[in-house]
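Here is the structure we will look at.
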Amino acid sequence: MTRLGTRELLELLVDPGSYVSWDGQLDVRRPLPHPDQEEYDALLDEARLRSGTDESVHVGEARVRGQRTAILAGDFAFLAGSIGVTSGERVAALLDRARHEHLPVLALPVSGGTRMQEGSVAFVQMVKAAAGVRALRASGLPFVVYLRDPTTGGVFATWGSMGQVTYASPDSLIGFLGPRVFETIRGAPFPPGVQVSQNLARHGLVDEVVPPERLADKLAGLLSVAAPASRAARPFVPPVADHLAEPEPGDDPWRSVQISRDARRPGVRDLLALVADDVTELYGTGEGEPDAPAVLLALAHVAGVPAVVLGQDRDAQRAGHALGPVALRKARRGMHLAVELGLPLVSVVDTPGAELSRAAEEGGLAGQIARCLGDLMSLHAPTLSFLLGEGSGGGALAMLPADRVVCAEHAWLSPIAPEGAAAILHRTAERAPELARHQRIASWELRRYGIVDRVVPECPSASEEPTSFLSRAAAVIATELVHLVQRDAGRRVVDRMQRWRHIGTVL
């Protein structure tokens, strides 16, 4: 594979003529004298002559499909992209300036790691890089990483691994310890196929492997949702569903259970296909676990409103991808991302229940349900959940609590599926219809007890009229989101706590 140089990558990526270098504009402090300064100066001079550039990191700004973006780019041509004091200072200074100017940052790392000639002083540049990224993200700004060939050592262990969204170029060597160093230290070659971008994607460390020529389009969609300037510039859709008539209370919850299980019933992907654009789907937890398709995680404009979307994917669950602890850790990644980026969180609930297996128990399923509930209750972001279909057990509850809860007419919520409840109480599943009534699981009962705020009618069922139903649901979701984002953030959290604190009690 031919390695694409930094200049060539920027030509593909940024709008023509828009790149402005900050290399000479930033206040980069002079490094301490090197013990063999004369010899080191000669090495640097040779590197400048050979590479045609002055350092291993270049910083600046450019437009990516019109979006002003700070660029942090490694350059392998200069001493294998190694990070010394000067390049470390450039990284930190770029992050500081981007934070002060409220710009998203695109990082394009490529590096062999720490510059060995500068030793420990170069090594600790990792600290300031990590601190700078954390401060940027804490300011609500996107930090997007595109890993290139190769990215190893201290760069991969700091700013290369700290993106909210991480892409990688195909067939790239990416790893903590370079294979040559590993073989020298361990006396055997590194196992083949491990430190390759596609393998990292399979393990949820990379969201997607993207060829360089497709990167600009990927970034344009992502930044149109996540970048502060784009969010401010795009008006929210006006409320259109405040007076949508809700259905009359029904009398047969068991019928709703049966309707919710219709294989034709639209799911979260159908909802996104109809009402969302600029969709950027993210994969995995970012913690070295394979992706869990039972939960969809995406950034998107939902009916015109920029949001983080979490959705329990009913089709993936039916295909054998259980809603287990990894899926809930992926959901928690989305919850935290909504807070960092200042976006509302839309959570779609639709599951026959959480995974029942040894792996789920040993993987901490119960703890992940608990952490999801705790996160959702304290989240400093507007939250809206949509109970779309089946709502069985703790797996459903884990993604339900929100500032506002919308429910499809034939969706339902229960501690366990009615058949399970009947087996517990009567040792037979035949009494499931009776238990569905007694447990008050239907949308009209959930509305009565304050668990649900709005019910979207089905005429007669979402399976029979999917497009019309999803359009009604989208109008309600958009209207609710508009109201939510206009409320005071602190008041929102207090009201959410109070709302769920008093459900089931008489005030």
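Counting Lys and Arg as +1 and Asp and Glu as -1 over every other residue whose Cβ lies under 9 Å from the Cβ of V455, the net charge comes to -1. At the residue level, K128 shows approximately 60 square angstrom of accessible surface with a 1.4 angstrom probe and all protein chains present. Ranked by solvent-accessible area (1.4 Å probe, protein heavy atoms only, all chains present), the residues S18, S172, S139 order from largest to smallest as S139, S18, S172. Heavy-atom accessible area with a 1.4 Å probe sorts H380, H426, largest first, into H380, H426. Within the stretch 1-126, antiparallel bridges make up roughly 65 percent of the DSSP beta bridges whose residues both belong there. For the stretch 426-507, the dipole from Cβ point charges (+1 on Lys and Arg, -1 on Asp and Glu) about the Cα centre works out to 480 debye, to the nearest 20.
Its Cα centre serving as origin, the chain has a Cβ charge dipole (Lys and Arg +1, Asp and Glu -1) of approximately 1020 debye. Separation of the stretch 301-367 and the stretch 99-159, taken as the distance between their Cα centroids, equals 29 angstrom.
Computed over neighbours whose Cβ is under 15 Å from that of D54, the net charge equals -1, Lys and Arg +1, Asp and Glu -1.
Other residues lying with their Cβ under 12 Å from the Cβ of R90 contribute a combined charge of -4, Lys and Arg counting +1, Asp and Glu -1. Among the listed options (i) 165; (ii) 138; (iii) 148, the one matching volume of the Cα convex hull per residue in Å³ as calculated from these coordinates is (i). Only protein atoms count toward the accessible area here, which uses a 1.4 Å probe; on the chain, the carbon and sulfur part of that area reaches 55 percent. Taken about its Cα centre, the stretch 1-46 carries a charge dipole of about 280 debye when Lys and Arg each add +1 at the Cβ and Asp and Glu each add -1 at the Cβ. Among the chymotrypsin sites (Phe, Trp or Tyr not before Pro) found in the stretch 112-218, those both in a DSSP coil and sparsely packed, with 16 or fewer other Cβ atoms within 10 Å of their Cβ, are F176.
Placing unit charges on each Cβ (+1 for Lys and Arg, -1 for Asp and Glu) gives the chain a dipole about its Cα centre, and among G450, P16, P290 the Cα reaching farthest toward its positive end belongs to G450.
Accessible surface for the stretch 441-507, divided over its residues, is 46 Å² per residue with a 1.4 Å probe. Among beta bridges from DSSP that stay inside the chain, the antiparallel ones total about 40%. Between A216 and D15, the simple label model (points 7 Å from Cα in the Cβ direction) yields a spacing of 1.1 nm. Per-residue 3J(HN,Hα) values for the stretch 286-295, derived from phi via the Karplus relation 6.51 cos²θ - 1.76 cosθ + 1.60 with θ = phi - 60°, read x, 10, x, 10, x, 4, 10, x, 4, 10 Hz in sequence order (x marks Gly and Pro). For the stretch 271-407, the solvent-accessible area works out to 29 Å² per residue, with a probe of 1.4 Å and every protein chain left in place. The GluC sites (Glu not before Pro) of the stretch 80-132 that DSSP puts in a loop, and whose beta carbon has at most 15 other beta carbons within 10 Å, are E101. Full extension of the segment from R30 to A263, taken as 0.36 nm per residue of separation minus the current Cα-Cα distance, would add 77.3 nm. Placing pseudo-labels 7 Å out from each Cα toward the beta carbon at R3 and A245 gives an inter-label distance of 6.8 nm.
The values are calculated or read from the model by the stated rules, or taken from the named source; none is laboratory data. Since we're looking at a predicted model, the values are computed, not measured. Please note: Cβ atoms are built from the backbone with ideal geometry, for glycine as well, and neighbour counts cover all protein chains shown. The accessibility values were calculated without ligands, DNA or RNA, using every heavy atom of the protein model including side chains. Shrake-Rupley method; radii C 1.70, N 1.55, O 1.52, S 1.80 Å.
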